[in-house]
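The values are calculated or read from the model by the stated rules, or taken from the named source; none is laboratory data. What you are looking at is a predicted structure, and each value in this text was computed from that prediction instead of being measured. FYI the Cβ positions are ideal-geometry reconstructions off the backbone, even for glycines, and counts take in every protein chain you see.
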Amino acid sequence: MTVIERELKLAAAPSFRMPDLDGVAEGVTAALKDPERLSTTYLDTDDLRLARWGVSFRHRAGEGWTVKLPSQGDGTLLARPEITFGGNGRRPPAQAVDLVRAFIRSDELRTQTRLRTVRKRTELRDADGLLVADVVDDEVSVLEGRRLAARFRELEVEIGDASPPGLLDDIVELLRRAGAGAPDPTPKYIRALGPRASQPPEIALDELASGATAGDVVRRAFAASVVRLIEHDPVMRLDADPEGVHQARVATRRLRSDLRTFRSLVDPAWATALRDELGWLAAILGSVRDGDVMLERMRKRASQLPETTAGGAARVLQTLETSRDDAHRELLATLSGERYLSLLDALVSAANAPSLLLEADLPASTVLPGLVRRPWRSLAERVKTLGEHPADEDLHDVRIRTKRVRYAAEAVVPLVGRQARAFAVAAGRLQDVLGDLNDATVAEGWLREWARGSRSMPGVFAAGELAGLERAAGGRYRSRWERAWKELSSPRLRSWM
């Protein structure tokens, strides 16, 4: 089971007394529940890799196993995907370990700390009896073997979708007036593990200084994409959000593009080997992502058809769903294989210490604009070859070149700043227009091919109607690309190159 846990934590002294929470907001009543005694064991690698990534892996007696993924929030309010599994504490379920595999790779999970907690929970309900918040008062004992190593007290305010606006602020204000400390997002297990758990993750995204070298920019660009891939690995496995595959595919494509853009700064053999492996992964991710995109398009298009075609459209959608699910099963098999884990190890090494040439020691300000200028010229020269009515294949090629330009510009944004960002945004707009055109073209072609092989007359009719909608959409997108190109090719956007 997966839920999104939203909570805010506050420190509390041993002498803290919980205030009366009845009426903390209009219509809200409080009920103190019986104390709970919790026994929790946290697993991690010996270098606390999960903790440093913002992940926790625990077993709690009576509750089973829980994996908490990196927080999706910012500031003091944590919003963390929380996935629970059944099972006793002797051995973690394989499915749970798989969710953290990208973070630990070939390393082993071992018990790192055990907590004993006395929990006093206060439920807050609205006038209709609906649970709107929990206020939890935890007295935590940290054990090392049988020895008591430390104690601390912590308050948690947990809110849900039904919580009215402002309730969290009202609760926190009341707790602070009663003597609670300032909000602190540090999880219990991090406090229990000590300073080592608060060290930076194995891939650090350091800000670039004004005197950064070209190699510093390369390293940061690689690191950002590798972090994106690893953090979206569990999202791909859960398959509850198509953004998991989408973001992982973006990460692999950006890495391949960066290896191409920065090829004069990195070891050629090293870059080629990495690009080849990334290409292998990108192809598998692409099958799933293309299926997601096609399904989303066809569901929207099918909703535009009359009800009389609903049965035929359902046949089309069923074929797409089956194909997409088959592609995702292949992806899951890939994510469980040694080749993928070896690639992740290589990418982590690339993010921390890419194989750079001596030219990478030169100042970024003198090297990087020229590296962006090269894919830009390739794009501009390709556009010049287009006739008055370019073929879909030619515009698809322009889209691929535009994407390389955009990725190259985005890689230097941390150093160049606003001008490079504006150029990258304009490239993104052209890429989006051409991407929409390509999606419509691919969808129309797939629908006509499906209709030729189908024996269902309702399905053939629906596919024809859907293909007509895609053809019309493609015409609209085609009419927009020249305007987007004119914006991108404006000299004012390239003055920094």
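Miscellaneous remarks
- Residue match in region 404-421 (condition: crowded, with 20+ Cβ neighbours inside 10 Å and among the basic types (Lys, Arg)): yes
- Of all residues in region 291-302 being free of Cβ contacts under 8 Å to residues at least 40 places away in the same chain and in contact with a helix residue (DSSP H, G or I) (Cβ under 9 Å, 6 or more places away or on another chain), the one that is farthest from GLY337 (Cα to Cα): ARG299
- Subset of region 442-489 that is touching a residue at least 24 places away in the same chain (Cβ under 8 Å) and not in a helix (DSSP H, G or I) - its residue that is farthest from the chain's Cα centre (by Cα): SER456
- When ARG275 is tested against (1) more than 17 Å from MET236 (Cβ to Cβ); (2) surrounded by fewer than 17 Cβ atoms within 10 Å (Cβ to Cβ); (3) free of Cβ contacts under 8 Å to residues at least 24 places away in the same chain, just one condition goes unmet, and that condition is (2).
- Region 159-180: number of residues that are outside any helix (DSSP H, G or I) and either at pLDDT 90 or above or not assigned by TED's automatic domain parsing to the domain that holds ASP126 (or both): 3
- Going through (1) at pLDDT below 95; (2) within 30 Å of SER365 (Cα to Cα); (3) assigned to a helix (DSSP H, G or I) one by one, VAL425 falls short only on (1).
- In summary, SER342 fulfils each of the numbered conditions (1) surrounded by 12 or more Cβ atoms within 10 Å (Cβ to Cβ); (2) not in a helix (DSSP H, G or I) with the single exception of condition (2).
- Single residue of region 345-379 satisfying the filter (of a type outside the set (A, V, I, L, M) and part of a loop (DSSP other than H, G, I, E, B)) that is surrounded by the fewest Cβ atoms within 10 Å (Cβ to Cβ): SER355
- Any chance LEU332 is of a type outside the set (D, E, K, R), more than 18 Å from ALA424 (Cβ to Cβ) and either assigned by TED's automatic domain parsing to the domain that holds GLY244 or more than 20 Å from the chain's Cα centre (by Cα) (or both): yes
- Residues in region 341-383 that are farther than 23 Å from ASP436 by Cβ and among the basic types (Lys, Arg) were compared, and the one that is modelled with the highest pLDDT is ARG377.
- Some residue of region 41-54 being at pLDDT below 95 and over 27 Å from ARG153 (Cα atoms): no
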